[in-house]
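Notes follow the structure.
The values are calculated or read from the model by the stated rules, or taken from the named source; none is laboratory data. All values reported here derive from a predicted model rather than from experimental measurement. All Cβ positions, glycine included, derive from the backbone under ideal geometry; neighbour counts span all protein chains shown. Calculation scope for accessible area: heavy atoms of the full protein, side chains included, ligands and nucleic acids excluded. Shrake-Rupley method; radii C 1.70, N 1.55, O 1.52, S 1.80 Å.
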2 protein chains.
Amino acid sequence: MLDDHLTLAIVDDHPVVIEGLKAVLKERAYINTLSFTAGKAFIDFIKEHTVDFVLLDVMLPDISGIDLCREITGIAPDTIVLGLSNQAERSIILQMLHNGASGYLLKNASAEELLGCIEEAQAGKIVFSNEVKTIMAKPSRFDLRGMPSLTRREKEILRLIADGKTSQQIAAVLFLSVFTIETHRRNIFQKLQVKNVAELVKVAAGNGLL
Amino acid sequence: MLDDHLTLAIVDDHPVVIEGLKAVLKERAYINTLSFTAGKAFIDFIKEHTVDFVLLDVMLPDISGIDLCREITGIAPDTIVLGLSNQAERSIILQMLHNGASGYLLKNASAEELLGCIEEAQAGKIVFSNEVKTIMAKPSRFDLRGMPSLTRREKEILRLIADGKTSQQIAAVLFLSVFTIETHRRNIFQKLQVKNVAELVKVAAGNGLL
DNA sequence: CAAACAATACCGGAAAACCAGTAGTTTTTT
DNA sequence: AAAAAACTACTGGTTTTCCGGTATTGTTTG
C-alpha cells in the first residue's frame with residue numbers, strides 16, 4: 001500500500017455474487033476492486049501484482065478455497081484473506097484459518113457487516129460475520145476444557161483402531177471377545193461424541209490422543 | 001549425575017526380563033540398577049528421586065508405555081527413556097519417540113547391542129536395536145519424498161470422509177452418484193496405501209491433508 | 001493429436017461397522 | 001464395605017464399507 005488506496009480482489013465463480021460485492025464496496029471510494037472467477041487465474045495474477053485484500057469463495061470450480069488460501073498466503077504473506085461461503089461448516093472455517101485466512105464471512109452478511117469486517121481485518125483482527133460467530137462460539141465438541149478421559153483399555157483400543165485394525169483383529173491381539181471390542185468401541189464413540197471411525201480418528205489425532 | 005555413576009531403572013512387569021537385563025548390566029560397574037514392575041510405582045519414585053536412564057516396557061499392566069513415557073519426560077525431562085518391547089510395530093515406535101523416548105530396543109537384542117545403545121543414548125543419540133532399524137528404515141509409507149498427490153475431488157472427498165460423512169451423504173452433498181464416491185474412495189485408499197477409513201484419516205491427519 | 005489423468009457411473013457380494021439393548025465380573029474409589 | 005467405574009460378553013438386526021471388476025466422458029499435457 002504505497003498510497004491510501006486498497007486493492008481488493010474478489011475470487012468467486014458466481015458472477016452475481018461478484019456484482020453484488022462490487023456494488024457494496026463502491027461505498028468505500030478508496031477500495032479498488034478486481035474480480036476473478038477461477039483460482040488459477042488469481043494465483044497467476046498475484047505472482048505479478050500486489051493485492052492487499054482477498055474475498056475468497058471456498059467453493060471454486062478449479063481448486064478448493066482451502067488450498068487456494070494456503071497458496072495465496074504462501075506467495076503473498078501480507079495479503080489479508082477472508083473466506084466467503086454460503087453455509088458455514090465449522091471444520092471448513094477452522095481449515096481456512098489454519099491456512100492463513102483472517103476471517104470468514106457468510107454471503108448473506110449485510111453490507112454494513114461486510115464493510116465493518118473488512119476494516120477490522122485490515123486493522124489486523126480476525127473477523128467473522130454474525131452467523132459465523134454463533135457457530136464458532138459454541139461447543140465444537142470439547143474445545144477448551146477436558147477432552148473426555150478415556151480409560152487405559154479404551155486408549156489402547158483407540159490406537160489399534162487408528163492403525164486400521166478391524167474389531168476381529170483387535171480382539172485377536174488382546175485375547176478378548178469381538179463383542180467386548182465392539183462395546184469398548186461404542187463407549188469411545190460416545191465419550192468423544194462421534195458417529196464413526198473416520199470422525200473418531202480425526203478427533204483423536206487433533207487432540208493428541210494418538 | 002553428580003558423580004560418575006548412572007542410575008538406571010528397568011520398568012517391566014516380567015521378572016525374568018528384569019533379571020536378564022540386570023545380569024547384562026552388571027558388565028558396567030558404573031550402572032546402578034533399579035527395577036519396577038508397575039508404571040505407577042515408578043512415577044511415584046521419580047517424583048522423589050532422580051533417575052538418569054529408563055528401560056521401559058511398552059506393555060505394562062497398569063498403564064500404556066506410551067502414556068508412561070510422556071509422564072516421565074514431563075516430570076523429569078533430563079531422564080533418557082528407551083522403549084523396550086517384544087515385537088516392533090512402527091506406529092508404536094513413532095508414538096514412543098513422539099512422547100520423548102530416545103530410542104527403541106527389542107527384547108531379543110544381544111548384550112553388546114544393549115550396552116552399546118545405552119552408551120549412545122547417553123551421549124544424546126537416538127538409538128534402535130538392529131531389528132528395529134530395519135523396520136524403521138523401510139517404506140513407512142511415503143515418509144520422505146512425495147506424499148502421493150490427490151486430485152481436487154479426492155481431497156474434497158477425503159475431507160468429507162474425515163468429517164464422518166458416509167458415502168451416501170457425500171454423494172448427496174456433491175450431487176454425485178454413490179458409485180462415484182465409492183470409486184473415488186477406493187482410488188484414495190490405493191494412493192495412500194491404506195485399507196480403511198481409520199488408517200486413511202490417521203495418515204491424512206499426520207500429513208497435513210486435513 | 002494421442003496418451004494419460006480425472007471424473008463420472010455401475011454391478012454383486014462378502015465383511016465389517018454401527019445401533020440398541022442387557023448383564024455379569026473385576027477393579028478402583030470413597 | 002458399599003458404590004462407582006471399568007472391563008468383560010452376548011443377542012439380533014441394519015447400514016456401510018470394502019473388494020473386484022468395467023466403462024464412458026472430459027481435460028490436460030507431452
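At a glance:
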quantity	calculated
Qualifying position, being open to solvent by less than 60 Å² (accessible area, probe 1.4 Å) and modelled with pLDDT of 85 or more, among B:ALA29, B:ALA88, B:ALA121	B:ALA121
Some residue of region B:108-117 being away from DNA strand C (no atom under 16 Å from the Cβ), at pLDDT 85 or above and charged (D, E, K, R)	yes
Any chance A:PHE53 is over 27 Å from B:LEU174 (Cα atoms) and either at pLDDT below 85 or not basic (Lys, Arg) (or both)	yes
Residue match in region B:145-162 (condition: of a type in the set (Val, Ile, Thr), at pLDDT 90 or above and within 25 Å of B:ALA205 (Cβ to Cβ))	yes
Region B:164-195 - residue that is within 12 Å of chain A (Cβ to nearest Cβ) and open to solvent by 30 Å² or more (accessible area, probe 1.4 Å) and, of those, farthest from DNA strand C (Cβ to nearest atom)	B:GLN193
Selection from region A:157-205 of residues that are in a loop (DSSP other than H, G, I, E, B) and of a type in the set (S, T, N, Q)	A:THR166, A:SER177, A:GLN193, A:ASN196
Pairs where the first residue, in region A:196-210, is more than 7 Å from chain B (Cβ to nearest Cβ) and the second is of a type in the set (S, T, N, Q) and open to solvent by 50 Å² or more (accessible area, probe 1.4 Å), C-beta under 9 Å, 6+ apart	A:VAL203/A:GLN193
